[in-house]
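The values are calculated or read from the model by the stated rules, or taken from the named source; none is laboratory data. Computed from a predicted structure; not experimentally measured. Here the Cβ positions follow ideal geometry from the backbone for every residue, glycine too, while neighbour counts run over all protein chains shown. Note: areas computed on protein heavy atoms with side chains; ligands, DNA, RNA excluded. Shrake-Rupley method; radii C 1.70, N 1.55, O 1.52, S 1.80 Å.
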Amino acid sequence: MKNKICELLEKNRQNTKNGSLPTYIPELIKTDPEILGIYISKLNGEEFGCGNYKHKFTMQSISKVITLMLALEDNGEKFVFSKVGMEPTGDSFNSMMKLEIVTPSKPFNPMINAGAIAVTSMIKGISSKEKWDRILDFLRKITCNPNLDINKSVYISEKSTGDKNRALAYFLKDVGIIVGDAEDQLNVYFMQCSIEVDCCDIARIASFIANNGIIPSSGEKLVSKKNAIIAKTFMLTCGMYDGSGEFAINAGIPAKSGVGGGIMAVVPNNLGIGVIGPALDIKGNSIAGVKLLSDISKEFDLSIF
Ligand code: GLN
């Protein structure tokens, strides 16, 4: 499997040239757009990487899956879905359009920015510091990486330019979807997006989800099967934003992208995949990463359909 995946990666390297880096978070344009790496973490413990899999990048929207699982564990399904919907939007990840035109005003799903900001606000903690500590601890456990932390420059860069997200948060506060200090809730969201990882960390989160909320290496259960299934389902229907349908046709596996160029993909009961390819398509998904995952899925017949 390793040799074939490394071969497919090299074949897809040329696709990095067709994408571009996100300019709205200035710090992210300092990356080499031609990077492409992948790491596989199987449930039987076998792991390997190809290409630039050691490259460090920020989780960005991949973190939305983690906060969703934590918010579901903290509050239960009923409460979470009283504030965030279950439907894809077909719009870009930071769109505000549907918040105003659909009544009652409620983000369509937890994978778009509005939904993710709302989800983060539901995580339990008496202060934003406690919420943040809980998110980081949860991730450090899942990845078996006690050194996981934020990339401060990316965090400051996003916080100082994140006015679209600020607008979303204040709107959500106005309609009662988030309570408390909007700036504090946003701060936790910006921090979770700036967590620095490599492909191995992402592959291990994916294998944890593929294993329905149980850390494969230790057998420790952190998330209920039901909540892990919810996470996988949202990844499939909304994880690649307005590219989710096409990705489901071509790759057929639950996946979540981030504007840092990462993609986390889950092959249920089998393996987790972490990909990095910072050059993005117009929908904000790694252009070479998407193609590489589609090729791998076809080669190894991984589609869940
Ligand atoms: N931090 C980014 C934002 O809020 C995350 C978006 C993404 O990765 N698609 O805009």
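Tabulated data
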quantity: GNM flexibility winner over the chain from Gly274, Gly252, Gly162 (Cα, springs under 10 Å); calculated: Gly162
quantity: Area accessible to solvent at Ser92, 1.4 Å probe radius, in Å²; calculated: 50 Å²
quantity: Label point distance in nm, Glu183-Asp133, each placed 7 Å from Cα along Cα→Cβ; calculated: 2.3 nm
quantity: Heavy-atom surface of the chain, accessible at 1.4 Å and reported per residue (Å²); calculated: 40 Å²
quantity: Given charges at beta-carbon only (K, R positive; D, E negative), |dipole| of region 227-305 in Debye; calculated: 160 debye
quantity: Top of Ser286, Ser61, Ser224 by mean-square fluctuation, Gaussian network on the chain, Cα under 10 Å; calculated: Ser224
quantity: Cα shape, region 6-57, gyration tensor, a/c 1.5 rule; calculated: oblate
quantity: Pairwise Lys count, region 150-305 - Cα closer than 24 Å, eight or more residues apart or different chains; calculated: 21
quantity: Protein accessible area in the chain, 1.4 Å probe - carbon and sulfur %; calculated: 52 percent
quantity: Choice from Thr161, Thr58, Thr31 with maximal GNM fluctuation in the chain (Cα, 10 Å cutoff); calculated: Thr161
quantity: For the chain, diffusion coefficient by Stokes-Einstein and Kirkwood Rh (Cα), 4 °C, 1.567 mPa s, µm²/s; calculated: 69 µm²/s
quantity: Check: the chain dipole with +1 on Lys, Arg Cβ and -1 on Asp, Glu Cβ, in debye; calculated: 320 debye
quantity: Segment Ile126-Ser105, length gained on full extension (0.36 nm per residue, minus Cα span); calculated: 4.9 nm
quantity: Whole-number Å³ per residue for the convex hull built on Cα positions in region 222-305; calculated: 88 Å³
quantity: Region 1-56: trypsin sites (Lys or Arg not before Pro) falling in loop per DSSP and having at most 13 other Cβ within 10 Å; calculated: Lys54, Lys56
quantity: Region 189-249 versus region 114-137: alpha-carbon centroid distance in Å; calculated: 17 Å
quantity: For region 102-111, Karplus couplings with θ = phi - 60° (6.51, -1.76, 1.60), whole Hz, Gly/Pro x; calculated: 10, 10, x, 5, 8, x, 5, 7, x, 9
quantity: Largest to smallest accessible area among Tyr53, Tyr155 [probe 1.4 Å]; calculated: Tyr53, Tyr155
quantity: Sum of side-chain charges, Gly274 neighbourhood, beta-carbon under 14 Å (Lys, Arg +1; Asp, Glu -1); calculated: +1
